[in-house]
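Single-structure report; data block below.
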Amino acid sequence: MSSETVGITQAEYPDIVGTKPEQPRAATFRPFVAPEVVIPELTPLPLIVGTILGMIFGASSLYLVLKVGLTVSASIPVAVISITLFGILAKLGLRKATILENNIVQTAGSAGESIAFGVGVTMPAILILGFDLELMRVMLVAVLGGLLGILMMIPLRRALIVQQHGILKYPEGTACAEVLKAGAADTVPNREGERAANRIGAATIFTGFGIGLGYKTLMAAFKGWKDTPEKVFGAPFKGGSIGAEISPELLGVGYIIGPRIASIMLAGGALAYLVLIPAIKLFGEAAAGPIPPGTVPISEMGPNEIRGAYILYIGAGAVAAGGIISLVRSLPTIWHGLRAGLSDLRGSQPAGDSVPRTDQDLSMKFVLGGIILLIMAIMLARPLHMNLLGAILIIAFGFLFVTVSSRLTGEIGSSSNPISGMTVATLLLTCLIFLLIGWTGPEYYVTALSVGAIVCIAASNGGTTSQDLKTGFLVGATPKYQQIAILIGALASALILGPILLRLNDNGTVYVPRVTFEPVANSAAPLSTETLATLPLYADSMNAPPVPDEYRLLSVKPNAAEGGLTPGEYLVDRSGRIRYKVQQNFPSELRANVAELRERERLTGAQARTDGNEYFVWHKLDATRGPAGKYLVDAQGVPVYYVDPGINGTHKVRPDGTPVTKFDAPKATLMSYIIKGVLDRQLPWGLVLLGVMIAVVLELAGVPSLAFAVGVYLPISTSMPIFIGGAIRWLVDRAMRRREEFKRLNDEEFAAEADRSPGVLLASGYIAGGAVAGIVIAFMAGLLEQQTKAITNWAKAHNPFFEGAYADLLALIPFALLVLFLYVVGRGWLLAGRRPDAAG
């Protein structure tokens with residue numbers, strides 16, 4: 001099938017079956033800084049600034065991914081900060097940084113966010129599997145995965161960035177290039193004729209940046225309106241729902257990638273939320289008990305719970321199949337790029353100055369040597385529990401998903417790149433191989449997770465590297481200097497993420513005794529004197545509540561719950577007030593075999609002040625006779641404390657009543673379930689194979705399966721604003737096509753003009769502003785937790801745009817204004833001026 005049979009351009013159909021024609025834009029492209037122009041690029045100060053910004057953004061991104069399981073791209077925010085910072089330094093008398101130096105800053109600064117995502121979605125699974133978060137293990141995974149992803153991406157640059165120019169959009173990379181050109185155009189010689197146009201472009205971008213920043217801040221930080229309006233349908237369409245995460249960055253991504261891929265993504269979301277989830281609800285609601293892998297009856301589940309229990313496995317299977325199909329289709333192009341990259345090893349490519357500056361990569365000797373050294377380090381690293389098979393799987397899956405991630409980032413952008421889906425696929429295949437050869441013991445859990453974690457980080461950083469190299473390709477950077485910068489930035493960020501992860505976990509860790517006491521709100525009426533006299537005294541002196549008193553024990557049965565009390569046991573004080581609910585955290589008869597235990601440790605943190613004893617450490621790996629996890633036991637094998645981690649823990653209050661901050665790490669929970677599910681033979685393979693078959697059917701119908709699979713895997717609320725952005729782009733481009741000056745252009749020339757239009761510039765600003773606001777809010781969340789709670793409580797009580805019967809509708813008003821402004825600017829009615837005449 002060819003593009004002519006469906007009447008769309010190749011640029012909008014990047015996964016089309018069959019051979020793609022040669023791209024005139026790739027052949028005639030001229031970067032913003034010509035290859036023969038030499039200006040300062042890889043200099044110490046920009047490299048240092050970029051590395052520091054990468055560490056800061058990596059830390060805030062790690063916090064965000066532990067909280068909600070996602071991050072936002074850091075390249076554009078770092079570029080904006082770089083331009084502003086060096087502009088201030090220039091006013092103080094220092095030399096203004098060139099556009100290529102600003103590009104080095106954003107390149108070095110982008111690695112932290114992608115590594116943080118990989119660390120945050122995989123490493124906490126160690127805790128859920130019953131092991132400790134070891135500092136050396138986390139640092140090794142971060143360093144090895146980050147560097148491996150970059151080195152594996154370098155040979156693919158010519159195939160994906162150069163030859164696919166005009167096909168793969170790389171929306172964040174393109175937006176970042178526009179930001180750099182708009183903010184630093186006056187540092188490039190021989191571009192005088194374009195500076196006025198670029199000043200107009202700068203005004204458009206920074207207007208979008210300001211609007212995106214203000215919009216996201218008002219919505220997310222000040223709770224000005226609901227951030228994800230949704231509609232959940234009732235009978236006869238129970239379980240069906242639609243929603244939209246009304247953020248400026250997702251709207252901007254949709255505008256840049258265009259209507260084709262945006263529509264396919266939404267189609268995947270529609271299948272999940274308007275077909276599969278209602279079908280599961282329809283056929284499963286009558287079941288009396290849970291249907292595995294769900295843990296509660298389907299009748300008690302909402303759409304999001306059904307998605308978490310069933311749809312994620314279907315989406316993961318579709319992403320895995322779509323990724324493999326995409327790789328097979330891309331093999332000729334990838335091979336051509338690899339052959340070009342390997343030519344310096346064979347001596348067939350001229351070296352040194354004969355190669356244009358803008359086509360100089362790091363030596364393939366350096367790349368292959370680095371990959372070999374990293375693989376050796378992986379095999380020798382004892383904390384990873386690695387073996388030869390694990391190292392081979394890392395090479396195979398690493399190259400597969402670095403390639404897929406780099407290509408997919410070009411199609412749909414970093415914000416929608418399903419790295420967690422690729423990690424799920426890696427863990428599925430790794431654990432299946434382990435299962436076939438009999439490696440099912442708990443010691444292989446860590447090996448499988450190490451494979452998945454390194455591949456996850458490599459794929460994430462490979463996608464980020466491809467975005468950076470696309471930015472460099474557009475502005476005229478030297479690839480090898482960018483590659484050096486991102487290697488340094490990745491190494492620095494990887495080294496600090498391990499200590500930060502452990503600190504966040506330690507701060508929220510609670511040592512839970514067998515019995516704890518949950519304070520009860522005083523909404524229940526006091527018991528009468530007669531009733532109080534009939535209750536037995538609470539006589540467990542070993543487990544006393546925080547406030548001493550003469551308590552009596554009240555038992556509330558399941559069929560007799562009243563006064564807001566749930567079934568269980570309660571302590572009642574002398575006045576008849578119900579003060580505490582008694583929580584039995586693990587059975588009193590639970591015992592460990594001390595003869596098998598070697599490791600000992602003491603309590604740390606605030607609770608260490610009340611208990612200085614040393615205990616044996618018991619890692620309980622199953623949930624029989626008590627929850628799985630880490631215990632501290634005495635010399636007789638009696639568990640004294642259950643160690644509830646700060647990440648994925650459930651106890652949010654210490655025994656003394658002090659609250660702690662917990663991190664849910666939702667993606668890490670999924671990873672741990674997959675490892676246990678396969679190696680314990682409990683994975684729902686039927687759901688996974690449904691996803692695989694969906695991808696196969698789509699390919700048979702000529703629809704790009706990978707973009708569709710992404711839509712199935714992501715919430716429909718994520719795909720919806722991307723679709724709206726794509727729809728606005730379609731309306732704007734259709735109107736542009738009718739204008740006389742565009743009627744004479746062929747498809748390629750029109751695509752080039754459309755990619756430089758005011759709408760694309762404004763969308764770039766939306767992405768930058770929303771991303772900066774999201775990262776700053778995430779970074780400040782831990783410091784301003786009380787203020788955030790106060791704002792949220794006020795908004796729930798007084799703001800009808802945030803809470804109330806009409807909040808979902810009212811929240812669409814500011815988003816509609818955001819969309820309308822994008823359309824108006826795209827049509828050229830505002831902020832248009834004269835379009836830049838820069839090539840490509």
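One quarter of the convex hull surface built on the alpha carbon atoms of segment 211-260 amounts to 4.9 nm², the projected area averaged over directions. Backbone phi angles across segment 765-771, fed through the Karplus curve with coefficients 6.51, -1.76 and 1.60 (θ = phi - 60°), yield HN-Hα couplings of x, 4, 4, 5, x, x, 5 Hz in residue order; Gly and Pro are listed as x.
Give, in whole angstrom and from largest to smallest, the semi-axes √(5λ) of the equivalent ellipsoid of the chain, with λ running over the eigenvalues of the Cα gyration tensor. The partial results should precede the final answer.
Working: eigenvalues 473, 185, 142 Å².
Result for the chain: semi-axes of 49, 30, 27 Å.
Axis of helix 248-257 versus longest Cα principal axis of the chain: the two differ by about 40°, to the nearest ten degrees. Net charge in the neighbourhood of residue 301 (other residues with Cβ under 14 Å of its Cβ; Lys, Arg +1, Asp, Glu -1) is 0. The convex hull around the C-alpha trace of segment 352-442, projected and averaged over every direction, spans 8.4 square nanometres.
Taking the longest Cα principal axis of the chain as reference, the axis of helix 259-271 is set at about 20 degrees. Protein heavy-atom accessible surface, 1.4 Å probe, per residue over the chain: 40 Å². Two decimals is fine: what is log10 I(q)/I(0) at q = 0.14 Å⁻¹ for segment 220-339, from a Debye sum with one equal scatterer on every Cα and no solvent? Relative scattering, expressed as log10 I(q)/I(0), comes to -0.80. Here is how the number arises for the chain: DSSP H runs of 4 or more residues each give -39500 (n - 2.57), the sum is divided by the residue count, and the result at 222 nm is -18000 deg cm²/dmol.
Spatial offset of segment 438-502 relative to segment 613-679 amounts to 29 Å, using the alpha carbon center of each. Note on segment 693-816: Rg/Rh from Cα positions, Kirkwood definition for Rh, rounded to two decimals, is 1.09. Relative to the dominant Cα principal axis of the chain, helix 192-216 is inclined by about 20°.
Write out the trypsin sites (Lys or Arg not before Pro) in segment 598-645 meeting two conditions: DSSP loop, and at most 10 other Cβ atoms within 10 Å of their Cβ.
Numbers: sites: 598, 600, 602, 609, 620, 625, 630; in loops: 598, 625.
Answer in residue order: 598.
Which longest uninterrupted range of the chain lacks any chymotrypsin sites (Phe, Trp or Tyr not before Pro) assigned by DSSP to a loop state (not H, G, I, E or B) and surrounded by at most 12 other Cβ atoms within 10 Å? Kindly include the intermediate steps, with their values, before the conclusion.
Values: sites that count: 806, 829.
In the chain, the maximal stretch lacking such sites is 1-805.
When the Cα positions of 170, 434, 133 are compared along the charge dipole of the chain, 170 comes out farthest toward the positive end, with charges on each C-beta of Lys, Arg, Asp and Glu.
When the listed pairs 652/796; 281/630; 281/581; 91/470; 226/676; 557/676 are checked against a 32 Å cut-off, the alpha-carbon distance exceeds it for 281/630; 281/581; 226/676; 557/676. Taking a ≥ b ≥ c as the square roots of the Cα gyration tensor eigenvalues, with a/c under 1.5 meaning rounded and otherwise prolate when a/b beats b/c, else oblate, which class fits segment 636-711? Oblate is the answer for segment 636-711, as a/c is 1.5 or above yet b/c matches or exceeds a/b. Stokes-Einstein diffusion for segment 679-746 at 10 °C, viscosity 1.306 mPa s, with a Kirkwood radius from C-alpha pairs, works out to 103 µm²/s.
The values are calculated or read from the model by the stated rules, or taken from the named source; none is laboratory data. What you see is a predicted model, and the numbers here were worked out from it, not measured in a lab. FYI the Cβ positions are ideal-geometry reconstructions off the backbone, even for glycines, and counts take in every protein chain you see. To get the accessible areas, we keep the full protein, side chains included, count just its heavy atoms, and leave off ligands, DNA and RNA. Shrake-Rupley method; radii C 1.70, N 1.55, O 1.52, S 1.80 Å.
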